[in-house]
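Just below is one structure, and these are the notes that go with it.
Just so it is clear, none of the values below were taken in a lab; they were calculated from the coordinates. Computed from a prediction, not measured in an experiment: that's the story for all the values here. For neighbour counting, all protein chains shown are included, and Cβ atoms are generated from backbone atoms with ideal geometry for every residue, glycine included.
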There are 2 protein chains.
Amino acid sequence: MPNQTAAALSVRRPRVADVRVTPIAFRDPPLLNVVGVHEPWALRSIIEVETDDGRIGLGESYGDLETLGNLDKAKGRLVGLDPHDTNALVARVHEAVTGQPFIGQPFPAAGDKALASAIGAFEVAFLDLQAQIAGCPLYQLLGGAVRDRVAYSAYLFYKFARHKDDPGYPPDDWGEALDHAQIVDQTKRMVNDYGFGSIKLKAGVFDPDFEIESLRALRKAFPNHPLRIDPNGGWSVETTRRLMPRFDGLLEYLEDPVNSLDEMGEVAKFSTLPLATNMVTVAFGHVPKTVRLNAVQVILSDHHYWGGLRATQALAHYGRTFGIGISMHSNSHLGISLAAMTHVGMTIPNLAYACDTHYPWQVEEVVDGGREMFRFEAGSLSPPSGPGLGVKLDRSALSTLHHQYVTCGIRKRDDAKEMRKYRPDWNSARPRF
Amino acid sequence: MPNQTAAALSVRRPRVADVRVTPIAFRDPPLLNVVGVHEPWALRSIIEVETDDGRIGLGESYGDLETLGNLDKAKGRLVGLDPHDTNALVARVHEAVTGQPFIGQPFPAAGDKALASAIGAFEVAFLDLQAQIAGCPLYQLLGGAVRDRVAYSAYLFYKFARHKDDPGYPPDDWGEALDHAQIVDQTKRMVNDYGFGSIKLKAGVFDPDFEIESLRALRKAFPNHPLRIDPNGGWSVETTRRLMPRFDGLLEYLEDPVNSLDEMGEVAKFSTLPLATNMVTVAFGHVPKTVRLNAVQVILSDHHYWGGLRATQALAHYGRTFGIGISMHSNSHLGISLAAMTHVGMTIPNLAYACDTHYPWQVEEVVDGGREMFRFEAGSLSPPSGPGLGVKLDRSALSTLHHQYVTCGIRKRDDAKEMRKYRPDWNSARPRF
């Protein structure tokens with residue numbers, strides 16, 4: 001581009017003037033999974049990208065030390081960019097995170113989740129700014145709504161009643177869920193409060209025969225709700241083969257029974273129902289082998305580690321081309337992530353399954369208006385109104401949650417370590433069963 | 001989205017108020033190819049999408065009756081849309097063109113070039129509007145520049161000196177090119193005038209042994225320019241096998257030697273150089289088989305039939321994931337298409353080869369400022385400056401070119417019919433050799 005053109009245009013186009021990354025910690029219940037149990041505090045990072053005309057774009061990502069380190073290394077390099085320039089964002093984050101020059105291939109064949117996560121964290125904030133500049137909601141900037149609302153599913157967990165160590169706040173009001181009746185009660189409350197039309201059981205915690213009994217109790221209590229189970233790769237191929245006949249007619253899909261793409265390919269050979277994943281196909285570099293093995297029929301997308309919202313749309317595009325269904329994965333998160341998930345979910349034609357969210361398990365918020373900003377109706381959400389993501393920071397809440405980060409003592413999620421407080425001999429090696 | 005939100009936002013967001021499609025015809029030289037020879041008039045359509053605040057987004061596409069019929073069927077359905085809403089654009093064009101309800105899968109597995117072409121024609125105009133609204137050049141809206149300029153290649157044709165019938169305008173000044181010396185002279189002029197650094201010979205016209213002699217003459221005259229040959233599927237697999245050893249060290253890539261994806265897969269088994277295509281992989285529905293056969297190493301993208309500029313970027317994304325290089329295909333076109341090609345080319349990291357363009361073969365223009373708007377330097381172009389595509393219509397030129405369409409008598413490109421004026425026994429069946 002001739003220099004005079006760039007100069008002429010730059011006068012009136014907003015540029016990134018400042019980028020802030022604030023680590024936060026929020027209360028998290030003692031939810032059980034294959035690795036262990038959630039610690040009392042979930043870590044996240046809040047990203048603010050401020051332009052020289054005073055707009056602020058928001059992002060939310062992981063809060064572990066590796067992510068924070070990458071975001072900190074990259075943030076200064078974004079100053080001066082036009083918030084439309086996501087190619088420069090990718091290049092600069094790539095250079096900051098890898099220390100290598102960017103040569104047009106953001107994600108190496110093996111995938112680099114840390115790099116893609118850093119890119120995605122900033123990209124959401126850049127897109128928030130783009131939509132603010134265009135004066136439209138983010139879903140509109142992303143191509144427009146293909147549905148009125150985005151459906152989410154009830155995300156059930158076996159759980160303890162309270163954390164082992166007193167975290168300095170009262171126990172959650174969900175109580176214990178360690179048997180079938182308690183899981184059914186948890187589901188009843190969640191379906192009643194949120195209207196969810198699909199149910200997912202986080203599994204890999206107990207012997208699979210026990211967990212299938214939980215599913216049967218759920219089927220009895222909710223005869224028409226699609227059911228899913230996610231043992232997070234906790235089973236062997238042989239265990240999965242033994243269990244498979246028992247899922248027939250019971251499950252909508254089977255999520256990550258095993259722990260590697262090769263094993264999923266093995267399971268796919270005998271599976272009688274769709275296999276879903278957020279563990280074995282987690283980067284574009286994994287797609288060719290996934291397709292070659294026909295290993296996966298549903299990919300649970302996640303803009304946090306696929307590289308952002310445009311990357312999520314690209315993944316959905318691959319899904320259309322290769323006949324792979326798309327849904328959405330979740331970690332413990334707050335409203336900026338929920339808004340981003342909902343906006344992009346509005347735009348994906350082949351979002352074929354209700355999305356996961358941990359949101360019902362949280363009690364705190366960082367966005368202005370708090371949790372009231374997100375009103376589930378019939379298990380689904382419409383995106384916040386207004387330009388961009390439609391959410392703003394509650395700075396008082398941000399300050400509180402940052403203080404919790406500073407004082408909570410957790411710097412890297414470690415569910416296994418937390419579990420060893422209950423069971424000192426805990427071993428989270430997979431397959432567990 | 002709650003109704004009050006939509007209402008509140010719609011007040012200040014521009015909507016499509018009118019869509020106009022104007023068929024045009026412009027002078028085209030008697031260029032030879034595997035099917036026959038270019039007729040004296042090339043047909044195109046000029047698309048204008050006007051918003052209720054007076055902005056005009058531009059597109060350019062094919063001008064045959066099928067395309068015009070599809071554009072006419074669809075254009076009224078776009079009125080009222082936010083120009084950001086390309087998902088609604090896809091759905092409405094799909095419904096207009098196919099008569100079937102849109103259910104989230106724009107392109108059936110077999111591909112539907114006519115549908116994707118209609119979508120792409122309007123999508124460029126919508127994106128032009130989006131960038132105008134954002135106040136940035138289109139390449140910036142599309143993610144930002146990854147290069148300063150987009151490289152194009154010299155596109156050589158065997159040609160006659162003049163059309164068989166007098167088209168009512170003087171013959172082009174390129175003269176005849178039916179032997180090696182004339183092809184070299186054509187190349188010298190084109191490289192001298194435009195600075196192209198790569199050379200592509202449109203082939204499939206003469207016996208391949210003759211055409212390879214042309215390549216050898218070019219190699220001698222231009223020892224450092226990468227060379228390509230494109231017989232447009234005019235050869236059999238066996239002919240290609242016989243010729244292959246002679247391309248070693250001579251060609252950058254071999255484009256469409258054969259006429260089907262299966263045959264390309266056969267050729268790929270013995271090919272010693274990258275195979276390129278704009279004929280056998282022309283829709284996302286073709287990608288899975290292309291990948292399975294490893295049939296193609298370079299895809300010549302074309303926003304006109306892949307479904308627009310975002311689709312072109314999606315294709316490039318697939319290219320990164322599957323290790324397929326990306327370049328760009330061209331038909332006879334004017335400046336709106338050239339601007340669109342250049343803008344999207346600025347944004348594609350893995351645009352690994354100089355793009356095709358027929359632009360040097362044209363003498364007319366429909367954009368304000370005429371052909372001076374596009375100044376090739378060292379064979380490459382920077383996009384026009386200003387927001388959006390950066391080009392506006394010259395309404396007087398549009399009127400002239402439309403009048404030419406009305407009077408030229410051509411309604412569907414038919415190079416074979418034109419060739420039969422010279423050779424009544426002409427048979428364009430492939431493979432020819």
Cut-off under 5 Å, modelled amide H: who pairs with B:LEU300 long-range: B:THR277, B:ASN278, B:SER327
In nm, what does the list of distances from A:ASP166 to its counterparts in the other copies look like, shortest first, when each label sits 7 Å along Cα to Cβ? 10.5
Pop the C-beta distance of A:ASP193 and A:ALA352 into the FRET formula with R0 = 30 Å and round what comes out to the nearest 0.05. 0.75
Between the residues B:PRO101, B:VAL184, B:ALA397, the Cα farthest towards the positive end of the dipole of chain B, that dipole coming from +1 and -1 charges on the beta-carbon of Lys, Arg, Asp and Glu, is from B:PRO101
What does the helix-only formula give at 222 nm for chain B: each DSSP H stretch with n ≥ 4 adding -39500 (n - 2.57), the total divided by the residues, and the result rounded to the nearest 500 deg cm²/dmol? -11500 deg cm²/dmol
Answer in debye to the nearest 20: the dipole magnitude of the range B:210-320 about its Cα centre, from +1 Lys/Arg and -1 Asp/Glu charges placed on Cβ, is 300
Unit-weight point scatterers at every alpha-carbon of the range A:141-389, Debye formula, q = 0.13, 0.14, 0.18 1/Å: log10 I(q)/I(0) is -0.83, -0.97, -1.48
How high is the relative contact order of the range A:212-331? Use alpha-carbon pairs under 8 Å, at least six apart in sequence, and give a whole percent. 19
To the nearest 10 degrees, the tilt of helix B:309-322 (Cα long axis) against the first principal axis of the alpha carbons of chain B is 60
Quick one: the Cα spread of the range B:11-136 along its three principal axes, in angstroms, biggest first? 53, 33, 23
Listed peptides A:400-408, B:349-357 by packing density, highest first (mean Cβ within 10 Å): B:349-357, A:400-408
Convert each backbone phi in the range A:48-59 into a coupling constant with the Karplus relation 6.51 cos²θ - 1.76 cosθ + 1.60 (shift: θ = phi - 60°), then list the ³J(HN,Hα) values in order as whole Hz, x for Gly and Pro. 10, 10, 9, 8, 6, 9, x, 7, 10, x, 10, x
Between B:LYS412 and B:ASP425, 0.36 nm times their residue separation minus their Cα-Cα distance comes to what? 2.6 nm
Rounded to the nearest 20 debye, what is the charge dipole size of the range A:11-136 about its Cα centre when +1 sits on each Lys and Arg Cβ and -1 on each Asp and Glu Cβ? 180
Taking chain A and dividing mean pair separation by its residue count, relative contact order in percent (alpha carbons under 8 Å, at least six apart): 22
Relative to chain A, whose Cα atoms define the longest principal axis, helix A:395-408 and its Cα axis are tilted in degrees, nearest 10, by 60
Could you give, in nm with one decimal, how far B:PHE210 is from each other copy of that position, shortest first, with labels 7 Å out from Cα toward Cβ? 8.2
So for the range A:198-257, taking the charge dipole from beta-carbon charges (+1 Lys/Arg, -1 Asp/Glu), which of A:PHE210, A:PRO245, A:SER198 sits furthest toward the positive end? A:SER198
Shortest first and in nm to one decimal, what separations exist between A:ALA378 and its copies in the other chains, measuring from label points 7 Å along the Cα-to-beta-carbon line? 6.0
Roughly how big is the range B:141-389's charge dipole about its Cα centre, with Cβ charges of +1 (Lys, Arg) and -1 (Asp, Glu), in debye to the nearest 20? 820
Amide H of A:LYS164: which non-local residues (sequence gap of 5 or more, or other chain) have their own amide H closer than 5 Å, using H built in the peptide plane? none
What Kirkwood Rh does the range A:321-378 have if only Cα atoms enter the pairwise 1/r average? Answer in Å. 12.6
Given a Förster distance of 45 angstrom, what is the FRET efficiency for B:ARG246 paired with A:SER260, based on the Cβ-Cβ distance and rounded to 0.05? 0.45
Taking each pair of different alpha-carbon atoms in the protein assembly as shown once, compute 1/r for the pair, average those values, and report the inverse of that mean as the Kirkwood hydrodynamic radius in Å to one decimal. 28.9
Check which residues have an amide H placed less than 5 Å from B:CYS355's amide H, if you skip close sequence neighbours. B:ALA151, B:TYR152, B:SER153
So how tilted is helix B:208-221 from the main axis of chain B? Cα-based, degrees 0 to 90, rounded to 10. 80
Residues B:LEU178 and B:PHE270, FRET efficiency given R0 of 25 Å [Cβ-Cβ distance, rounded to 0.05]: 0.20
